[in-house]
Amino acid sequence: RFPNGSIVVFAHVEDDATIARFLSSEWDCIYFDELTTFTLRQFLFLSSRARTTKPGLRALVRAGTNPIGPGATWVKRFFLDKMVTEKEAPGYNPSEWEAKKSTVRDNRHVNLKDYQRKLQMLPSEALRRAMEFGEWVIEGQFFSEFMERTRDDKPWHVIDEMPRWHGKEIQYAAHIEIVRVIDWGYAVDGN
């Protein structure tokens, strides 16, 4: 409680049933810690509680997260890619969803050498890149050779160099057939 009457409340969401505690709630600001640990349903419902009757005040929703966790896919689609259908989220306005990226180097208060040493002990390259560089390379979705980079401020995925066979790039080896495939992903309706 603050002298002006404001209060700060901390809560935990164990599962979808937990959000029923907030049915009649009204909050000026809602902050999510580790947003990728929430389901989209939980986030959208709890965000709907950000409303105010105070004149001149706009209710806000803010979140912080690492690019890993069970909700990483929906968080990336809503905040970064902004690839959301009208059917999925009626009223979704991409201009109202903003993301700010930071890496371990942006944290002036961390012992960078010590933290990077600890990250090297993580069990996978994808996890290390997510924690150190804020990359949204979700294990199992991309080959580990693919990396998020920026060219003209546009994300792209490449390998650093073509694999070689007897000193030549593989596309010049006559006995190697190169096949290119696109996987458009999974759709619930089967299309």
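The values are calculated or read from the model by the stated rules, or taken from the named source; none is laboratory data. Note that the structure is a prediction, hence the values are computed from the model and not measured. Positions of Cβ are backbone-derived with ideal geometry, glycine not excepted, and every protein chain shown enters the neighbour counts.
Yes or no: Ser102 in contact with a Gly (Cβ under 8 Å, 6 or more places away or on another chain) and polar (S, T, N, Q)? So Ser102 passes the test. Taking the stretch 52-169 as the region of interest, the strands (runs of 3 or more DSSP E) fully inside it that hold 2 or more residues being surrounded by fewer than 14 Cβ atoms within 10 Å (Cβ to Cβ) and at pLDDT 90 or above are 60-64. I'd like to check something: does the stretch 58-75 contain any residue that is without any contact (Cβ under 8 Å) to a residue 24 or more places away in the chain, touching a helix residue (DSSP H, G or I) at 6+ places or on another chain (Cβ under 8 Å) and aliphatic (A, V, I, L, M)? Within the stretch 58-75 (the criterion being without any contact (Cβ under 8 Å) to a residue 24 or more places away in the chain, touching a helix residue (DSSP H, G or I) at 6+ places or on another chain (Cβ under 8 Å) and aliphatic (A, V, I, L, M)), the answer is no, since none of the residues qualifies. Flag: Phe32 does not match the condition of being surrounded by 11 or more Cβ atoms within 10 Å (Cβ to Cβ), at pLDDT 95 or above, part of a helix (DSSP H, G or I) and under 19 Å from the mean Cα position of the chain (by Cα). Scanning the stretch 1-29 for residues that are within 25 Å of the chain's Cα centre (by Cα) and charged (D, E, K, R) gives Glu14, Asp15, Asp16, Asp28.
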